[in-house]
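Have a look at the structure below before the remarks.
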Amino acid sequence: MSQGFVIGRVLAQRLDIPFSQPIRMSFGTLDRLNLLLVRLIDENGIEGVGEATVMGGPYWGGESIEAVEAAVVKYLGPQLIGQRFRGLEEFSYRLSKTVKGNAAARSALEMAAFDLVGKQLGVSASALLGGRCRDRLQVAWTLSTGSEGGDIAEGERAIQARGHTRFKLKFGSGDPDAELLRVAGIAEAFRGRASIILDINQGWDLGTALRYFPVLEEAGVECIEQPLAALDLHGAARLKASTSMEIIADEVLTDLRSAFEVATANAASAVSLKPNRDGGMLAAKRVATVASASGLKIYGGTALESSLGTAASALIYASLPSLQLGTELFGPLRLQADIVKAPLLPIDGHLDVPTGEGLGVVLDEDLIRSLSVDVLH
């Protein structure tokens, strides 16, 4: 790649993929994945692919899939066509200077660039990220039936079928006392077999959290993800000082500066990485670097990607020297249909990191056509 790479065409296509069962969040229930598939085609016809997902749409992360598509098609894409890039850092930098924010759109294009350059060189994108530190990743599974008995039954199936040893529960949308009874029952059912992460998705205020954290800790919960509003760093710092449970920062992380602010405020003990939210694969690695240098643990998050986005995240997480809390790369398991020919699914509670050229997955074009909700731009 001494001469760099030239982008000849940029294509984008919106897909609608139903979930195999509804997913309950603190802000509502999700029944489908909104995904933007992007393709970068170089001057020789080699194609790199990437995706953006907006879990919960503008109600959660602030971006709708329509806005992501507009950013790619109208603003970012035209600035890339015909341009020669000396490397992926320059490509990513150009994206960040073309638009402000629009993390999901930039992430999708950068992901496609990693896939493209990997294919041009005949290597895994892992090599472009500095190589890998592990070949398998621990994967947590989210229990989302909303009832104690249903979650316990789902957890038992996940242990038997896929060997999961860590479960995540969405929490904070209902009455705290009732939810605590559910969590305590689930934690007790899996005591000694699986650890529990609670994701509150900013659903509590400081007073509620201070009141109920001791109960959660006594019940055996090990990690709490984003309990307070993203901007309440002072409250998060008080919470962290009050408990031995891991406090994972998620929605508060929007860029590299926010990671630095979380670290300096002592507002978390861990960070959840999400390339789709962080602005790309390189940005996610930089967030991990800041976190590790500040003594924070790393958790490999998900934006409920297909196997394409899951492959990109897996390659990043595999490249990190520290990944103390594992990952939650279960997105493909939640989909009724995936967009690749060989979906990335965990075995024995772990996901094998792709090894093929680029991102290491091959699209299922027939299935993509059936899931498309608009024309290819």
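Here are the numbers for the structure shown:
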read-out	value
Criterion: at pLDDT 95 or above, surrounded by 20 or more Cβ atoms within 10 Å (Cβ to Cβ) and more than 30 Å from Asp255 (Cα to Cα) - qualifying residue of Gly185, Gly155	Gly155
Hits in the stretch 204-214 - residues which are surrounded by 15 or more Cβ atoms within 10 Å (Cβ to Cβ) and out of contact with any strand residue (DSSP E or B) (no Cβ under 9 Å at 6 or more places or on another chain)	Trp204, Leu206, Thr208, Leu210, Tyr212
Residue within the stretch 287-301 that is closer than 20 Å to Leu35 by Cβ and either at pLDDT 95 or above or in a helix (DSSP H, G or I) (or both) present	yes
Hits in the stretch 16-50 - residues which are modelled with pLDDT of 95 or more, on the phi > 0 side of the Ramachandran plot and in contact with a helix residue (DSSP H, G or I) (Cβ under 9 Å, 6 or more places away or on another chain)	none
Matching entry among Ala263, Ala237, Ala259, Ala230 (being part of a loop (DSSP other than H, G, I, E, B), among the small types (Gly, Ala, Ser), out of contact with any His (no Cβ under 9 Å at 6 or more places or on another chain) and assigned by TED's automatic domain parsing to the domain that holds Lys297)	Ala230
Test: residue in the stretch 324-347 that is within 17 Å of the chain's Cα centre (by Cα), loosely packed, with under 15 Cβ neighbours inside 10 Å and either in a loop (DSSP other than H, G, I, E, B) or free of Cβ contacts under 8 Å to residues at least 12 places away in the same chain (or both)	yes
Lone qualifier among Ser292, Ser306 - being buried (at least 24 other Cβ atoms within 10 Å of the Cβ) and closer than 29 Å to Gly118 by Cα	Ser306
Filtered residue count, the stretch 161-190, keeping only those that are more than 20 Å from Arg136 (Cβ to Cβ) and among the polar types (S, T, N, Q)	1
Ser370, sole failed condition from (1) in a loop (DSSP other than H, G, I, E, B); (2) over 16 Å from the mean Cα position of the chain (by Cα); (3) not β-branched (Val, Ile, Thr)	(1)
Residue in the stretch 127-137 that is more than 30 Å from Gly185 (Cα to Cα) and without any contact (Cβ under 8 Å) to a residue 24 or more places away in the chain present	yes
Selection count, the stretch 188-200, where residues are among the charged types (D, E, K, R) and either crowded, with 17+ Cβ neighbours inside 10 Å or not assigned by TED's automatic domain parsing to the domain that holds Gly149 (or both)	1
Conditions (1) touching a helix residue (DSSP H, G or I) at 6+ places or on another chain (Cβ under 6 Å); (2) of a type outside the set (S, T, N, Q); (3) modelled with pLDDT of 95 or more; (4) within 29 Å of Arg157 (Cα to Cα); number of the one not met by Leu228	(4)
Total residues in the stretch 51-66, condition modelled with pLDDT of 90 or more and either of a type in the set (Asp, Glu) or surrounded by fewer than 18 Cβ atoms within 10 Å (Cβ to Cβ) (or both)	3
Output for the stretch 174-189, where each listed residue is part of a loop (DSSP other than H, G, I, E, B) and either touching a Gly at 6+ places or on another chain (Cβ under 6 Å) or of a type in the set (Asp, Glu) (or both)	Asp175
Some residue of the stretch 158-165 being modelled with pLDDT of 95 or more, over 30 Å from Ala237 (Cα atoms) and crowded, with 21+ Cβ neighbours inside 10 Å	yes
Considering residues of the stretch 190-201 that are in contact with a Gly (Cβ under 8 Å, 6 or more places away or on another chain) and of a type in the set (Val, Ile, Thr) only, the residue modelled with the lowest pLDDT	Ile200
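Table: residues versus (1) under 22 Å from Asp151 (Cβ atoms); (2) under 23 Å from the mean Cα position of the chain (by Cα); (3) not assigned by TED's automatic domain parsing to the domain that holds Ala267.
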site	(1), (2), (3)
Asp177	yes, no, no
Leu181	yes, no, no
Ile186	yes, no, no
Gln202	yes, yes, no
Leu210	no, no, no
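Condition check ((1) of a type outside the set (Ser, Thr, Tyr); (2) over 26 Å from Ser144 (Cα atoms)) across all residues:
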{"position": "Gly331", "(1), (2)": "yes, no"}
{"position": "Gln336", "(1), (2)": "yes, no"}
{"position": "Val340", "(1), (2)": "yes, no"}
{"position": "Asp352", "(1), (2)": "yes, no"}
{"position": "Thr355", "(1), (2)": "no, yes"}
{"position": "Gly360", "(1), (2)": "yes, yes"}
{"position": "Ile368", "(1), (2)": "yes, yes"}
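The values are calculated or read from the model by the stated rules, or taken from the named source; none is laboratory data. Just so it is clear, the model here is predicted, and its values are computed rather than measured. Cβ sites come from the backbone with ideal geometry, for glycine too, and all protein chains shown count toward neighbours.
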